1. Which whole-number percentage describes the relative contact order of the range B:276-428, with Cα contacts under 8 Å and a sequence gap of 6 or more?
2. What lysines sit close enough to A:Lys407 to cross-link, taking a C-alpha to C-alpha distance under 26 Å and skipping anything fewer than 8 places away on the same chain?
3. Let's test the formula: R0 of 25 Å, r as the Cβ-Cβ distance of B:Lys224 and B:Val269. What FRET efficiency results, to the nearest 0.05?
4. Shielding of B:430-443 by partners, i.e. mean partner chain Cβ atoms within 10 Å per residue?
5. If you take every DSSP beta bridge fully contained in chain A, what fraction is antiparallel? Give it as a percent rounded to 5.
6. Count the net charge of all other residues whose Cβ sits under 10 Å from the Cβ of B:Lys486, scoring Lys and Arg as +1 and Asp and Glu as -1.
7. Can you give the mean number of other chain Cβ atoms that lie within 10 Å of the Cβ atoms in peptide B:246-252?
8. Would you mind pulling out the separation of the Cα centroids of the range B:41-110 and the range A:45-101, in Å?
Protein chains: 2
Amino acid sequence: MTGDTHDSLKRIFEPESIAVIGVATEGFGFGRGILISLLAYGYPGKIYPVNPKGGVTHGLTIYRSVEDIPGRIDLGIIAVPAPKVPEAVEACRKKGAAGVEILSSGFREAGTPEGRELEERISRIAAEGIRIIGPNCFGIYSPRGGLTFLPGPDLSRESGPVAFISQSGGHSIDFAHMGKWKGLAFSKMISLGNGADLRETELLRYLGSDPDTEVIGMYIEGVKDGPAFFDALHDVASRKPVIVLKGGLSEAGGRAVQSHTASMGGSSVIWESVFRQCNAIQAVDLDELSDYALALTMLPHREYRRITIVGGGGALGVYAADMAERYGMCIPELKEDIQKQIDLLLPKPGSSARNPIDIANPYVTPEVLNGVLVRAAQDDAVDVQIVIQLLYHYKALAISFGADSVKPLTPFKELADAIDDAVNATKKPVIAVLPDLKQEVESIEVTEMIRETRKILTDMGIPVYDDLRNAVQSLNALSGYYKKKKAREKALQ
Amino acid sequence: MTGDTHDSLKRIFEPESIAVIGVATEGFGFGRGILISLLAYGYPGKIYPVNPKGGVTHGLTIYRSVEDIPGRIDLGIIAVPAPKVPEAVEACRKKGAAGVEILSSGFREAGTPEGRELEERISRIAAEGIRIIGPNCFGIYSPRGGLTFLPGPDLSRESGPVAFISQSGGHSIDFAHMGKWKGLAFSKMISLGNGADLRETELLRYLGSDPDTEVIGMYIEGVKDGPAFFDALHDVASRKPVIVLKGGLSEAGGRAVQSHTASMGGSSVIWESVFRQCNAIQAVDLDELSDYALALTMLPHREYRRITIVGGGGALGVYAADMAERYGMCIPELKEDIQKQIDLLLPKPGSSARNPIDIANPYVTPEVLNGVLVRAAQDDAVDVQIVIQLLYHYKALAISFGADSVKPLTPFKELADAIDDAVNATKKPVIAVLPDLKQEVESIEVTEMIRETRKILTDMGIPVYDDLRNAVQSLNALSGYYKKKKAREKALQ
């Protein structure tokens, strides 16, 4: 990647000024939509709305053309109908913008000769010296740059280590929203749409050398240049984890790819072997991708195999063993003296200190939880601990007490502190699992409490999952990546 | 099953009077816990608390012994320490109770000679003429009988077609809570614990002939008498769907089963062939089990293969195609004249009437949604329709409007009506998918709205899933069961 490209992309991701081309003063068109989103999100730079009719909107002067804009622009956001897009791109290029994002659709994806021709025209303009994101995309989400998607007025303003490159606008915005509550923060997200200019390979290389990005997620349906993409993936994944969600791996899905982004899908056998060879992590949906990203950003970078499970109930032990085996983990019996120490803390009868550690009571005190975690961590046969908390049981307790509200009598903050203290004291990571099994409207307070607990824990750097299965599966993704990475580095020495 | 057994079980599931043996007047022991749960749940019959100390609790006289109870009892609920359980069971037998549920633990599961001996003693008492649920269980949940689990003060009072037999108390109570908001209502749930007397096979046969039960779920770790269970499963599943979650199918899981219910697990190969031969539906966790039960109770009983997908975004089409192929479904292109009719309703550009029907806008009006569903249903190549609604996008709309609240401007009730009207007009079933992708604390209002929508739809008999994948997978479970059932019935003619 040339220094020029690097500078251009920096200006695109962190623009000091933006022209929004195609802003109507009413209705809910894309232009007005992105303007409102940027204002609500708090974009800190200058915004120049453009519309031939002129006027004023949201206190901003609407310029009749890009040429009329008084200052320089770094980024153009284009939302005019497809036939008018080429001249808007050209105007931005002449104005000296580093790039444009084209939200409009009606190009190659339309499947018409006109659409294809329009897309070729904008690709040619790009070659003359301006970078293009899109067309047919939701744009860029860049918390550091103050940029947000269409529509993305309420995405997180926090910047973080996860990047995302996506051939689907829907997936981009869904992932951005999911990240906000799962505990992921983003460096850059790019919805690349048809990819008339900037595409998966170049963006992957850019993010591979981006110091703000530690983990890269991708949603791809097909790639333009297979060997170049393969090279980039191999290279980048040897330095930082890349999680790939490949849409259209089934036969029917492959046909659907054709009509969505008109790119060649390729067979699942080929793709899966590419992922293996490159040590890229494969996810089957956004939920998995975001779960993996959480483990990859919050847990120490190494191999994991031996886990403790701390929770309640015999069936949990069985489920844990089934899931551990499925995802290449094991639940070793704790050393006898450690078992004895833990046993002293547990209620009788019905508890077990073997591992899974069965607390036999949903109302564990923070002291007991901390004590169990600290003692279990002493066993060097343990790599990581998983705590399952069924907080919904406090609702039954509230009813028994005749209490109106469940939160005051649930020590959720103290339980989070107990976990955090154990991690700090033992340096052994803990994953929390907080299932929400009471989702009826009337129990919204229970859900609110579980979400607050999740936020407290993820703010502490403790990853939280909805279910034990997701936790173990994510651990497997993390562990597999670093195991292979280490083996390769060793082979190269 | 003898008539006697039938009568006994009816008295146990719908008892007119209950003795709760082992009720302390303070603390949170099991006896006091179940008493509070029964009172809060609204058990309509007589409750006689028993404790040698006597006294009064919650306005009820505490009797010093079972013998002292003035009236007859149908069911005894026993929560005294294990060594005192045999005499309590014997007292209930002498008092003429049909059965007891023993919540206490400290029996065979404890792995001690004393525990085993105690369990043998209570089994012998059962043989003399009283039925036992447990020990080491959470009891019975029977909405019609007004019985609830420990702790289960806030389970649904509504009776319905789903039964559950479980070797795990935790799974029983988790499933009961999940059913409440997923749209499942229950006939009977039995947490059978160690199964000292009543066990999986007898209960399965009972529920097989229970007119209130249409779908049976089971969580089993191991069975006592393999061939008898196989016979019962084969017989019952030939009449109504049985969904089995078998814990401990992995090697490690099998070892965990040993220490939980001390039953022989058996290999996964054997189990899976049993399920196939019996046409039992296999689930890997409670989420799957409850999802399958929803499709089985709400959708017409037949085979399904060809679906329409109505939603927004090209990636959804790709994802839908991938998931459909994975679960044996297909998404046929609609007939040309129907496509034309649908196309007239859709916004331009970016939409598609082919199938997946891409509405290209998260803010679809109820009229358009209804129109699309009604027209697509005319195609006889369609068995069932799936609508995906990303209601969270209305949050962005609320922000754009400067509105404080998202609910007033979201037509969620009208969208539910639009779906219901289409089902009624066309007699073609619809499944709704309502992902909740905004789960941060501050967006609780969005979650509340999605949950209200779910409730409205499930009350209309329209099944709702969190994700397209769960919907298609559940459809596959339903379809596979009825396909095989039909083929078998034909072969027998």
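1. Worked out over the range B:276-428, it gives 25 percent.
2. A:Lys180, A:Lys182, A:Lys395, A:Lys438, A:Lys455, B:Lys180, B:Lys182, B:Lys407, B:Lys438, B:Lys455
3. Given R0 = 25 Å and the Cβ-Cβ separation, E is 0.75.
4. Other-chain Cβ atoms within 10 Å of each residue's Cβ, averaged: 5.
5. If we restrict to bridges inside chain A, about 15 percent are antiparallel.
6. Summing Lys and Arg as +1 and Asp and Glu as -1 gives +4.
7. 6
8. 80
The values are calculated or read from the model by the stated rules, or taken from the named source; none is laboratory data. Since this is a predicted model, take the numbers as computed values, not measurements. Note that we place each Cβ from the backbone using ideal geometry, even for glycine, and neighbour counts take in every protein chain shown. All accessible areas refer to the heavy atoms of the entire protein, side chains included, with ligands and DNA or RNA removed. Shrake-Rupley method; radii C 1.70, N 1.55, O 1.52, S 1.80 Å.
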